[in-house]
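> Before anything else, here's the structure in question.
Just so it is clear, none of the values below were taken in a lab; they were calculated from the coordinates. Being a predicted model, the structure only gives us computed values, none of them experimental. With ideal geometry, Cβ positions are generated from the backbone for all residues, glycine too; neighbour counts draw on all protein chains shown.
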Amino acid sequence: MARWLALSFVVIAFVVACKKKAEPEPEPEVPSKAGTSGHSVTKVKDEPEEKGSDDELAQRAAARAKDDEKDKALAERQLYGGDGSPPYRDDAGHLHGPGGPIFMGKGPDCTDQIDHCLRDGVWFAVPTLKTGNIYRATPAFEFENKWWTFREREAEYETLLKTKVIKNAGDLVVGSPVVFIVDDNYRKWLDNEHDALTSSRWEAGIIEAVNGDSTFRVSGWRYPIPNETGRIVVQKKGG
């Protein structure tokens with residue numbers, strides 16, 4: 001009897017095991033993303049349609065476009081021209097010229113169309129001016145009754161020249177001083193504000209002749225100079 005009972009238990013256990021194997025295991029439950037994890041699913045609603053008359057909608061669109069143009073112009077001004085602030089020393093004692101810190105990355109070519117990347121308050125410090133000679137012209141500015149270069153050094157000069165770009169050939173007067181930028185390895189323009197304010201390529205001299213509408217000559221300089229690379233003098237100190 002005992003042997004029969006034992007054999008019955010073995011058979012029953014075998015049948016149960018086979019049944020468990022035949023049943024598929026349940027799929028694991030995936031927790032909801034919107035459950036108790038602290039995250040929620042937000043449905044993005046469509047933007048409401050802007051209301052108003054055709055004229056009102058057109059005015060708003062024009063105002064947005066104008067703001068976009070202002071933002072674009074501000075971004076471009078950051079590449080050259082400064083922010084209009086006066087010269088100052090910062091907390092570390094560094095001297096900044098008119099317009100604040102100088103942009104040192106590569107920017108647009110410093111053509112006459114953007115004032116050669118110069119700033120209001122920038123003059124040129126020149127050793128002297130005499131017919132037949134060319135002189136280094138160094139961008140400079142005044143601070144605390146002294147004149148400084150944009151390398152934070154006191155400017156050496158006998159003459160100071162305030163200039164503006166040449167708009168037309170009629171601006172050029174024979175016998176008058178002029179500042180111009182010379183080619184360097186066939187590069188006509190400087191391409192960043194830092195170089196424009198510190199470059200040794202600026203020269204000064206006396207206008208010898210005006211060649212039509214496009215070039216002029218300077219006494220002591222053998223090549224004709226394109227008008228767009230020159231700056232006529234509007235104010236002079238010393239010399």
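> Between segment 153-194 and segment 205-239, what is the separation of their alpha carbon centroids in Å?
Using only Cα atoms to place each centre, the spacing works out to 8 Å.
> I would also like to ask the following. Please compute the contact order of segment 88-238 in relative form: average sequence separation of alpha-carbon pairs under 8 Å and at least six residues apart, divided by the residue count, as a percent.
Details: 332 pairs, mean separation 43.7, N = 151.
That works out to 29 percent.
> Any idea how far apart ALA63 and GLU50 come out in nm if each label point goes 7 Å out from Cα toward Cβ?
Here the modelled spin labels are 1.0 nm apart.
> Evaluate E = 1/(1 + (r/R0)^6) for VAL174 and THR111, where r is the Cβ-Cβ distance and R0 equals 22 Å; express this FRET efficiency to the nearest 0.05. Mind dumping the intermediate values first?
Values: r = 25 Å, r/R0 = 1.14.
My answer for the efficiency is 0.30.
> Label points 7 Å out from Cα along the Cβ direction at ASN133 and SER214: separation in nm?
3.3 nm
> Which links in LYS66/LYS167; LYS66/LYS237; LYS66/LYS146 stretch past 31 Å when you go from one Cα to the other?
Working: LYS66/LYS167 28 Å; LYS66/LYS237 42 Å; LYS66/LYS146 41 Å.
The answer is LYS66/LYS237; LYS66/LYS146.
> Give, as ranges by residue number, the residues of segment 224-239 whose backbone N falls under 18 Å from the point 7 Å along Cα→Cβ of GLU158.
Correct set: 236-239.
> Quick one: which of 186-192, 202-208, 155-161 comes out on top by average Cβ neighbours within 10 Å, and what's the full order, highest first?
Working: 186-192: 15.0, 202-208: 22.0, 155-161: 18.9.
The packing order, highest mean first, is 202-208, 155-161, 186-192.
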